[in-house]
Amino acid sequence: MVGGTTATDFDLKVSFLPIAGKGDIGGGLIWRARDHQNYYITWANPLEQNIRFYRVVDGIRHELANFNQIISVKTWHALQVIARGNRVQVLFNDQPVIDVSDETFQKSGKIGLWTKADAVTYFDDLPVSYTHL
């Protein structure tokens, strides 16, 4: 997680560079995290050529959306989340790819970066813009 940063409604964007991995590759963003078992997550996966959005409740992932996308390795990409109330939009390289409404996590939570397995991924630039409604 990113320090003590918490947010409810925000624009969160990260630049990432997927380098390597046999079991998995790529990276993503976590937000509205209550703890290590309850949060939203989206990630871009060059092995599967897709972007997915999940809610994780009590450590169990529930897929909310999938978008097939060509994702190059060893190329910088941008992944962005725009969260407003129960609506979440995901952009990949500034193009909208996912738009979902979900009521699970409505309160403020931590934000963070994510990789898994043996993925080697570099992250850079993590601006967060807060929206006060």
Taking a cut-off of 25 Å between Cα atoms, list the lysines near K74, but don't count ones fewer than 8 places away on the same chain. K13, K22, K116
Solvent exposure of the chain as accessible area per residue, Å², 1.4 Å probe: 50
With the cut-off at 1.5 for a/c, could you classify the stretch 92-133 from its C-alpha gyration tensor as rounded, prolate or oblate? prolate
Tell me which trypsin sites (Lys or Arg not before Pro) from the stretch 41-133 have a DSSP coil assignment and no more than 11 other beta carbons within 10 Å of their own. K74, K107
Sorted from largest down, what three extents in whole angstroms do the Cα atoms of the stretch 8-50 have along their principal axes? 33, 22, 15
In whole percent, how big is the carbon plus sulfur part of the accessible area of the chain, probe 1.4 Å, protein atoms only? 48
Using the Karplus curve 6.51 cos²θ - 1.76 cosθ + 1.60 with θ = phi - 60°, work out ³J(HN,Hα) for each residue of the stretch 43-58 in order, rounded to whole Hz, and write x for Gly and Pro. 8, 10, 10, x, 5, 9, 6, 8, 10, 10, 10, 10, 10, 10, 10, 6
Given 10 °C, 1.306 mPa s and a Kirkwood radius over Cα pairs, the Stokes-Einstein diffusion coefficient of the chain in µm²/s is 109
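The values are calculated or read from the model by the stated rules, or taken from the named source; none is laboratory data. Just so you know, these numbers come straight off a predicted model, no measurement behind them. As a convention, Cβ positions derive from the backbone with ideal geometry for all residues, glycine included, and neighbour counts pool all protein chains shown. For the accessible areas, the whole protein counts, side chains as well, though only heavy atoms, and no ligand, DNA or RNA atoms are used. Shrake-Rupley method; radii C 1.70, N 1.55, O 1.52, S 1.80 Å.
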